[in-house]
Amino acid sequence: MRPLTEEETKVVFEKLANYIGRNIANLINNKEDPHCFRLQKDRVYYVSEHIAKFSTCIARPNLMSLGTCLGKFTKTGKFRLHITALDYLAQHAKYKIWIKPNGEMPFLYGNHILKAHVGRMSDDIPEHTGVVVFSMSDSPLGFGVTAKSTIESRRLEPTGIVAFRQGDAGEYLREEDTLFTV
Amino acid sequence: MVLHKKKAPTVRRENVSELSGNKQASNQLAVKSTATPKQSKYNHRSRSGINGVAKKVKKPRVYTEKELGIPKLNKSIDPEGIKRPKGKKGKVFADEDAMTRILLQVNEAVDNRNASKLERARALEAIRESKRKEIEAKEEEKKQALDSMKSEIKNKKHKLRKETKKADVATIDKKSEGPAKKRKSVSFK
């Protein structure tokens with residue numbers, strides 16, 4: 001376990017900024033319970049400093065996980081967000097899409113969001129921006145990337161794709177084997 | 001008293017063979033063996049001395065260029081003026097200040113990107129809107145022209161009909177005029 005280097009921090013922040021924008025500052029500047037980013041093997045964890053200090057007592061091969069796993073670095077150095085980061089993404093989301101009850105199951109099964117399933121969406125969402133997907137009862141289901149901007153998606157046909165799925169809550173079951181271990 | 005005879009000093013003579021002195025003779029009489037020279041079992045170069053103790057071989061002292069005061073050679077691979085950082089390549093961890101700085105940089109880049117995307121989307125939307133209005137105006141014009149033509153044609157027909165009707169009515173009236181009708185009168189006698 002070690003802190004992130006400057007290059008790694010930049011890559012992680014670029015990814016997070018796509019979804020939560022300037023609210024990353026809320027993650028860093030938490031005065032009540034200061035948190036920090038730690039890297040264990042190739043996974044990035046967001047953990048309170050108090051717990052991070054305890055985890056230094058555990059040997060590296062024995063340390064499985066700590067805090068919240070935001071994602072992992074791929075072999076090529078890119079950062080991939082995991083569904084385990086949804087809690088923090090949902091709290092500080094910049095752009096949101098709410099899907100109707102009939103669209104929830106297709107999304108949780110791993111399909112993209114069609115226009116027919118969209119209940120409402122934030123105004124002025126640019127194209128290819130990260131969005132957090134909610135149900136109509138405001139419970140977070142996952143996150144994705146917009147295929148079209150809000151204005152263009154109004155003129156889409158009902159079977160057109162509004163957002164590409166990047167992560168959904170169904171991954172806890174589908175990716176059970178690889179989500180917490182390599 | 002004993003008298004000692006003086007001994008003449010012994011004359012020493014060297015017995016030098018003519019073969020060694022005369023080159024031609026030695027050349028002719030020399031035995032040329034074809035056998036290979038014997039290889040000795042022992043390594044004459046080994047350091048071990050008589051009792052197997054290593055001999056101390058003193059190497060001549062090599063002076064470095066620095067000690068001699070010679071300036072560094074300016075090679076193309078290793079130019080003299082350029083200083084490269086030495087030491088182990090380590091990781092520079094990001095502290096709070098670094099994270100804040102990186103955050104600001106990333107935010108600026110993302111905001112610029114999003115702003116440009118939104119601007120482009122709005123510009124495209126404005127263009128589409130203006131095109132749509134143009135098309136609608138043209139269609140409206142065509143429709144109006146069509147309607148006016150239709151109404152013109154209708155009016156013509158109506159006029160013709162009216163005129164023909166009038167003409168018919170006039171002829172019918174003329175025919176039916178004949179003897180004047182007596183008005184009925186009522187007398188109160």
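The values are calculated or read from the model by the stated rules, or taken from the named source; none is laboratory data. None of these values were measured; they are calculated from a predicted model. We place every Cβ from the backbone using ideal geometry, glycine too, and count neighbours over all the protein chains shown. These area figures cover heavy atoms from the full protein model, side chains too; ligands, DNA and RNA do not enter into them. Shrake-Rupley method; radii C 1.70, N 1.55, O 1.52, S 1.80 Å.
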Set B:Glu141, B:Glu119, B:Glu134: member being within 14 Å of chain A (Cβ to nearest Cβ) and among the acidic types (Asp, Glu): B:Glu119
Within the stretch B:28-64, considering residues that are open to solvent by less than 100 Å² (accessible area, probe 1.4 Å) and not in a loop (DSSP other than H, G, I, E, B), the one modelled with the highest pLDDT: B:Ala54
Spans of strands (runs of 3 or more DSSP E) in the stretch A:98-182 with at least 3 residues surrounded by fewer than 19 Cβ atoms within 10 Å (Cβ to Cβ) and among the charged types (D, E, K, R): none
Test: residue in the stretch B:61-69 that is more than 30 Å from A:Ser153 (Cα to Cα), away from chain A (no Cβ under 14 Å) and over 49 Å from the mean Cα position of the chain (by Cα): yes
In the stretch A:17-46, the residues that are aliphatic (A, V, I, L, M) and either part of a loop (DSSP other than H, G, I, E, B) or more than 29 Å from A:Cys57 (Cβ to Cβ) (or both): A:Ala17, A:Ile20, A:Ile24, A:Ala25
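Residue by residue, here is whether (1) more than 21 Å from B:Leu118 (Cα to Cα); (2) within 14 Å of chain B (Cβ to nearest Cβ); (3) not charged (D, E, K, R) holds:
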site: A:Tyr109; (1), (2), (3): yes, no, yes
site: A:Ser122; (1), (2), (3): no, yes, yes
site: A:Asp138; (1), (2), (3): yes, no, no
site: A:Leu141; (1), (2), (3): yes, no, yes
site: A:Ala163; (1), (2), (3): no, no, yes
Residues satisfying the stated conditions in the stretch A:93-136, i.e. over 17 Å from the mean Cα position of the chain (by Cα) and basic (Lys, Arg): A:Lys100, A:Lys115, A:Arg120
Lone qualifier among B:Glu67, B:Glu14, B:Glu80 - being surrounded by 10 or more Cβ atoms within 10 Å (Cβ to Cβ) and either of a type in the set (Val, Ile, Thr) or modelled with pLDDT of 70 or more (or both): B:Glu80
Matching residues in the stretch B:83-106 - criterion: being assigned to a loop (DSSP other than H, G, I, E, B), open to solvent by 100 Å² or more (accessible area, probe 1.4 Å) and either closer than 30 Å to A:Cys36 by Cβ or hydroxyl-bearing (Ser, Thr, Tyr) (or both): B:Pro85, B:Lys88, B:Lys89, B:Lys91
Conditions (1) in contact with a Gly (Cβ under 7 Å, 6 or more places away or on another chain); (2) open to solvent by 30 Å² or more (accessible area, probe 1.4 Å); (3) not basic (Lys, Arg); number of the one not met by A:Val44: (2)
Output for the stretch B:81-110, where each listed residue is more than 8 Å from every other protein chain (Cβ to nearest Cβ) and β-branched (Val, Ile, Thr): B:Ile82
Pick from the stretch A:34-62, criterion of a type in the set (Phe, Trp, Tyr) and farther than 12 Å from A:Phe79 by Cβ, ranking: farthest from the other protein chains (Cβ to nearest Cβ): A:Phe54
Complete set of residues in the stretch A:1-18 that are open to solvent by less than 70 Å² (accessible area, probe 1.4 Å), at the interface with another protein chain (Cβ under 9 Å from one of its Cβ atoms) and basic (Lys, Arg): A:Arg2
Any pair with Cβ under 7 angstrom, 6 or more apart, that starts in the stretch A:19-33 at a residue that is closer than 18 Å to A:Ala90 by Cα and at the interface with chain B (Cβ under 7 Å from one of its Cβ atoms) and ends at one that is assigned to a loop (DSSP other than H, G, I, E, B) and not hydroxyl-bearing (Ser, Thr, Tyr): A:Gly21/A:Lys94
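Conditions (1) in a helix (DSSP H, G or I); (2) hydroxyl-bearing (Ser, Thr, Tyr); (3) within 60 Å of the chain's Cα centre (by Cα); (4) closer than 30 Å to A:Asp124 by Cα, marked per residue:
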residue	(1), (2), (3), (4)
B:Glu129	yes, no, yes, yes
B:Lys133	yes, no, yes, yes
B:Ala137	yes, no, yes, yes
B:Lys165	yes, no, no, no
B:Lys174	yes, no, no, no
B:Lys184	no, no, no, no
B:Ser187	no, yes, no, no
